[in-house]
Amino acid sequence: MITYSIIQKSQLEGAHRLDAEYYQPEYFIDFSKGNWESIGDCVSLCQYGLSKAMNEEKIGYPIFKMDDIDYGFLFGDKTKSVEIPDNIFRDYALEKNDVLFNRVNSEEFVGRTGIFKLDGKSVFASYLVRLKVKKNSGILPDYLNIFLNSSFGKKQIRRYSRRAVNQANVNAQELRQFKIAILPLSFQNEVKELSDAAWKNFEGSKFLYSQAEDLFLEGLGLKDFEADEDLSCIVNLSDIQKASRLDAEYFQPRYERLLDKIKNKKPKILENFVANYSTGFPFKSQNYQEEGVPLIRINNIKKGYIDLSNTAYLSEQDYLLSLKDAAKPGDIILSMSGTIGMSAIIPEDIPKCSVNQRILKFSPKNIDKDYLALLLNSIVGVYQLERIGTGGVQTNISYKDIKNILIPTLPQPTQQKIANLVRESHQARKKAKELLEEAKRKVEEMIEREGDK
């Protein structure tokens with residue numbers, strides 16, 4: 001059935017847009033109901049970020065990118081750095097409660113928005129737009145952030161998005177034209193309290209996971225492990241023949257130093273801890289849906305957890321195409337391409353899902369699943385998987401090689417303590433997400449109520 005809408009000529013002239021997507025009925029919001037203001041009238045700054053070469057050597061200031069926005073906040077775990085003079089730093093220095101909006105990327109990522117709550121000196125990249133709320137503007141930064149992450153914000157993001165091949169864009173001028181509902185400050189403070197509580201839980205989750213990692217590395221004598229690359233090394237011909245590898249990266253001495261530490265703990269190979277496995281099914285993108293059975297793709301796998309914020313779904317019929325690639329709670333998944341080795345456990349709140357190609361899915365046995373997942377995400381797993389990776393532009397690994405990586409086991413009480421900390425970390429993260437969802441739901445319900453008055 002064809003969906004269409006009738007637009008008055010006066011509306012075309014006001015919007016300066018002729019593309020049909022802009023006028024899709026699902027993006028309609030009745031701004032005549034309630035009190036709405038343009039975001040541009042509520043902010044003192046709507047600023048593009050820096051366009052400078054970045055480095056991974058920690059030279060200069062940390063620089064935040066779209067990838068550093070997750071669940072409505074900016075996280076500093078994977079930032080790159082940029083070397084800039086002090087006068088440029090002053091112009092782009094991030095301050096607490098700045099709101100960052102991702103202006104260009106694939107359509108699913110355009111409009112990803114987060115609020116900055118971190119300490120320290122840092123800047124932001126050009127694909128982000130910084131919003132700084134005016135004092136006495138009638139809106140709070142946390143409310144602005146939650147609003148842009150709500151259905152009312154997303155409708156406007158989708159409406160204003162200018163679509164091209166595999167990319168979409170919302171520029172700063174268009175962002176200023178977005179309308180935001182001006183709700184009572186007492187209510188906005190409730191939203192802020194939920195936002196702050198969510199942030200504390202995210203920070204708590206990170207701290208608990210860090211404690212688990214420290215306990216694990218201390219148990220293996222790897223707490224102060226030197227990971228620096230050597231500029232040169234001497235390799236025997238027999239070692240090259242045994243490995244069937246000639247590339248210098250494979251023979252970096254840090255890998256052997258790590259393995260020497262691991263071997264002191266009498267490890268077993270991963271295959272001993274795998275009950276059954278699969279390596280994913282090549283589901284076709286044209287079959288992706290907005291609802292149905294979740295399909296876990298590589299971009300959904302984070303360090304230690306599954307992120308379903310940008311998920312493709314399958315119909316029941318497509319899900320049944322390959323039941324061996326269906327995953328259940330407690331299974332471990334591991335990326336075999338791109339960012340290789342990223343691992344996570346399928347949680348209880350995802351009772352049914354399937355796994356896309358180039359992802360290893362296995363059921364662990366004879367070992368605590370949380371302990372094993374943490375091990376795989378630590379330098380013990382990452383270095384071994386990184387070493388066996390092959391390929392040019394995109395690195396790949398195969399199960400044939402993965403199954404032979406070494407898995408050191410610590411005393412059972414230590415393993416249990418590590419696993420408990422990991423589980424507590426997951427609970428804190430889950431609580432944070434629930435608080436954010438509650439904040440968005442409250443904002444949406446309040447806007448609906450205000451519109452009905």
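Hey, can you tell me all the residues within the stretch 207-228 that are of a type in the set (D, E, K, R) and surrounded by fewer than 16 Cβ atoms within 10 Å (Cβ to Cβ)?
Step one: filter the stretch 207-228 for residues of a type in the set (D, E, K, R), giving 213-214, 218, 223-224, 226, 228.
Answer for the stretch 207-228, where residues must be of a type in the set (D, E, K, R) and surrounded by fewer than 16 Cβ atoms within 10 Å (Cβ to Cβ): Asp214, Glu218, Lys223, Asp224, Glu226, Asp228.
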Every residue in the stretch 331-349 that is in a loop (DSSP other than H, G, I, E, B) and crowded, with 16+ Cβ neighbours inside 10 Å, please. Asp331, Met336, Ile340, Gly341, Met342, Ile346
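Return the residues of the stretch 289-303 that are assigned to a loop (DSSP other than H, G, I, E, B) and out of contact with any Asp or Glu (no Cβ under 9 Å at 6 or more places or on another chain); say none if nothing qualifies.
Glu290, Glu291, Arg297
In the stretch 153-181, which residue that is of a type in the set (A, V, I, L, M) and under 30 Å from Lys431 (Cβ atoms) is modelled with the lowest pLDDT? Explain how you work it out, then say what you get.
Residues of the stretch 153-181 that are of a type in the set (A, V, I, L, M), as a first pass: 157, 164-165, 168, 170, 172, 175, 180-181.
When the remaining residues are screened for being under 30 Å from Lys431 (Cβ atoms), the result is 157, 180-181.
Working: Ile157: 94, Ile180: 98, Ala181: 97.
Per the criteria, the residue is Ile157.
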Considering only residues that are under 16 Å from Asn149 (Cα atoms) and touching a Lys or Arg at 6+ places or on another chain (Cβ under 7 Å), which ones fall in the stretch 176-208? Val191, Trp199
The stretch 430-453 residues that are more than 30 Å from Ile350 (Cβ to Cβ), paired with ones that are acidic (Asp, Glu) (beta carbon under 8 Å, 6 or more apart): Gly451/Asp30
What is the number of the single condition among (1) modelled with pLDDT under 95; (2) more than 25 Å from Pro141 (Cβ to Cβ); (3) out of contact with any Ser or Thr (no Cβ under 7 Å at 6 or more places or on another chain); (4) in a loop (DSSP other than H, G, I, E, B) that Lys78 does not meet? (2)
Residues in the stretch 367-422 that are assigned to a helix (DSSP H, G or I), touching a strand residue (DSSP E or B) at 6+ places or on another chain (Cβ under 9 Å) and among the small types (Gly, Ala, Ser): how many? 2
For the stretch 272-288 the number of residues that are part of a helix (DSSP H, G or I) and free of Cβ contacts under 8 Å to residues at least 40 places away in the same chain is 3
If we scan the stretch 84-92, do we find a residue that is basic (Lys, Arg) and within 23 Å of Ala428 (Cβ to Cβ)? no
Out of the residues in the stretch 53-67 that are at pLDDT below 95 and in contact with a strand residue (DSSP E or B) (Cβ under 9 Å, 6 or more places away or on another chain), state the one that is nearest to Lys117 (Cα to Cα). Met66
Just for the stretch 156-168: of the residues that are more than 20 Å from the chain's Cα centre (by Cα) and surrounded by 16 or more Cβ atoms within 10 Å (Cβ to Cβ), which one is farthest from Ile115 (Cα to Cα)? Arg162
What pairs come up if the first residue lies in the stretch 198-224 and is farther than 26 Å from Tyr71 by Cα, the second is basic (Lys, Arg), and their beta carbons are under 7 Å apart, counting only those six or more places apart or on different chains? Leu215/Lys417; Leu217/Lys223; Leu220/Lys261; Leu220/Lys265; Gly221/Lys261; Leu222/Lys261
Could you tell me whether the stretch 322-330 includes any residue that is surrounded by 14 or more Cβ atoms within 10 Å (Cβ to Cβ), more than 22 Å from the chain's Cα centre (by Cα) and part of a loop (DSSP other than H, G, I, E, B)? yes
Residue in the stretch 280-289 that is modelled with pLDDT of 95 or more, touching a helix residue (DSSP H, G or I) at 6+ places or on another chain (Cβ under 6 Å), surrounded by 18 or more Cβ atoms within 10 Å (Cβ to Cβ) and not small (Gly, Ala, Ser) present: yes
Would you tally the residues in the stretch 340-358 being within 21 Å of Tyr371 (Cα to Cα) and among the hydroxyl-bearing types (Ser, Thr, Tyr)? 1
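The values are calculated or read from the model by the stated rules, or taken from the named source; none is laboratory data. Since this is a predicted model, take the numbers as computed values, not measurements. Every residue, glycine among them, receives a Cβ derived from its backbone with ideal geometry; neighbour counts consider all protein chains shown.
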